[in-house]
Amino acid sequence: MVKILSLLSAALLATIISAETVYTGEIIDKVKVANKIDINDLPEHTHTRLWLEMPRSHNGQSWHLPVLITKGSNEGKRVFLNSGTYGNSLNGIRAVQKVLNDVDPKKVKGAVVGIPGLNMNGMLLNKHRWFSQSGPGSLIDLNQYFPGSTEGDDIDQFLASLWENLIINNKFNAAVDFQSLANGNASPIFAHADTNVTYVNKMVELSGVDVVINKPGDPKSGNLDDTLNAAGVPTITFQLGNPRLFELGVIQKAYDKPHITDAKYIRANSGGLVDVIVELNQVVQQDQVVGTMYDPHGDVVEIYKAPVKGKVFAFNSDPLREPGSLIVAIAVM
């Protein structure tokens, strides 16, 4: 928590723009609803809770996105914290809630804005991805479609509404996207960051993660971090523990300065049952055996070896592995 607050306090100076918060007149659970949020309109030195009205779903009802805002003085820094892009990434949701409630608005210059749970659809269905009703229906990775499009399908319109009515209009100076791995995997705290982006290196130093995986940016990837970096908002993706859990130690614990590195991923060439014999944060040597795949009769299908010396930062916790799925991820040392 201390590290996250340090990151917030070190964000770049803000550029204030002109816009307006547009309230719908509705109130849900004693919280006002707006379809556009402008930080400039909010009173100084306050905590604000709002619902951001999003596009209508297939049943004709609008999605409503929870937004937390801690605003200090009008002049200062603006930081955006996103969580729950994946419906089972719950640690980040609680982290955003705690940070926004812990920040004292009387001591802040600028503002911190957080979304405690972006993928309302996935959370409702207890799914990693968003279930789209378009066509026959399919599970969609929201983190491949930023910034969305007002003329696209349900996913495009949902993300475009977020982008235009909260993110880009408020000109944030830095951002953090809190995520977790999918079900069947385990990891410590690590981050993906494009360390070629100005100020990102400073952010990862303050983040407190064990390892930072250097991720060269791709403006066309549809990832939130790449899209924000391309828009001039330095952003890192904070992989905060395991899915479908509130891990109090993960949420609250501050770590030492991270080690920035590249990563190697060992993946299954075929399907089968995998026995992983390494632990998270274990240092492995090149060619060291890290796991074995067996067929239904218990015969060895494949033995997996570390391609480099490094530290294990993720592996499959579900023995049932499909072709192409993760076995072990190693941060290069």
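The values are calculated or read from the model by the stated rules, or taken from the named source; none is laboratory data. For clarity, every value in this text was computed on a predicted model and none was experimentally measured. Note: ideal-geometry Cβ built from the backbone for every residue, glycine included; neighbour counts use all protein chains shown.
Checked against the criteria, Thr85 does not count as on the phi < 0 side of the Ramachandran plot, crowded, with 23+ Cβ neighbours inside 10 Å and over 19 Å from the mean Cα position of the chain (by Cα).
Considering only strands (runs of 3 or more DSSP E) fully contained in the range 18-62, which possess at least 3 residues that are more than 18 Å from Val112 (Cα to Cα) and not aliphatic (A, V, I, L, M)?
On the way: elements: 22-28, 31-36, 46-56.
Correct list: 22-28, 46-56.
Is it the case that Asp225 is modelled with pLDDT under 90 and either surrounded by fewer than 15 Cβ atoms within 10 Å (Cβ to Cβ) or out of contact with any Pro (no Cβ under 8 Å at 6 or more places or on another chain) (or both)? Here the answer is no, as Asp225 does not meet what is asked.
Condition check: surrounded by 16 or more Cβ atoms within 10 Å (Cβ to Cβ) and not basic (Lys, Arg). Does Leu124 satisfy that?
Working: surrounded by 16 or more Cβ atoms within 10 Å (Cβ to Cβ): no; not basic (Lys, Arg): yes.
In short, no.
Going by the conditions given, is Ile260 among the β-branched types (Val, Ile, Thr), surrounded by fewer than 20 Cβ atoms within 10 Å (Cβ to Cβ) and at pLDDT 85 or above? So Ile260 does not fit the description; no.
Tally the residues that are farther than 17 Å from Ser62 by Cα and under 18 Å from the mean Cα position of the chain (by Cα), restricting the search to the range 149-173. Summing the residues that are farther than 17 Å from Ser62 by Cα and under 18 Å from the mean Cα position of the chain (by Cα) in the range 149-173 gives 4.
To keep it simple, each residue is scored yes or no on (1) surrounded by fewer than 18 Cβ atoms within 10 Å (Cβ to Cβ); (2) without any contact (Cβ under 8 Å) to a residue 40 or more places away in the chain.
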position	(1), (2)
Gly148	no, yes
Asp154	no, no
Leu166	no, no
Pro188	no, no
Thr195	yes, no
Met203	no, no
Gly208	no, no
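Of everything in the range 271-295 that's touching a residue at least 24 places away in the same chain (Cβ under 8 Å) and part of a loop (DSSP other than H, G, I, E, B), which residue is farthest from Ala331 (Cα to Cα)? Spell out the reasoning first.
Just the residues of the range 271-295 that are touching a residue at least 24 places away in the same chain (Cβ under 8 Å), to begin with: 271-276, 278-285, 290-291, 293.
In the following step, the residues that additionally are part of a loop (DSSP other than H, G, I, E, B) were identified as 271, 278-282, 285.
Numbers: Gly271: 25, Val278: 14, Glu279: 13, Leu280: 11, Asn281: 9, Gln282: 10, Gln285: 12 Å.
Ranking the candidates gives Gly271 first.
Among the conditions (1) under 24 Å from the mean Cα position of the chain (by Cα); (2) exposed (fewer than 15 other Cβ atoms within 10 Å of the Cβ); (3) at pLDDT 95 or above, Asp38 misses just one, which is (2). Scanning the range 120-166 for residues that are acidic (Asp, Glu) and out of contact with any Gly (no Cβ under 8 Å at 6 or more places or on another chain) gives Asp141, Glu151, Asp153, Asp154, Glu164.
In the set (1) at pLDDT 85 or above; (2) assigned by TED's automatic domain parsing to the domain that holds Gln179; (3) among the aromatic types (Phe, Trp, Tyr), Tyr304 fails one condition alone, (2).
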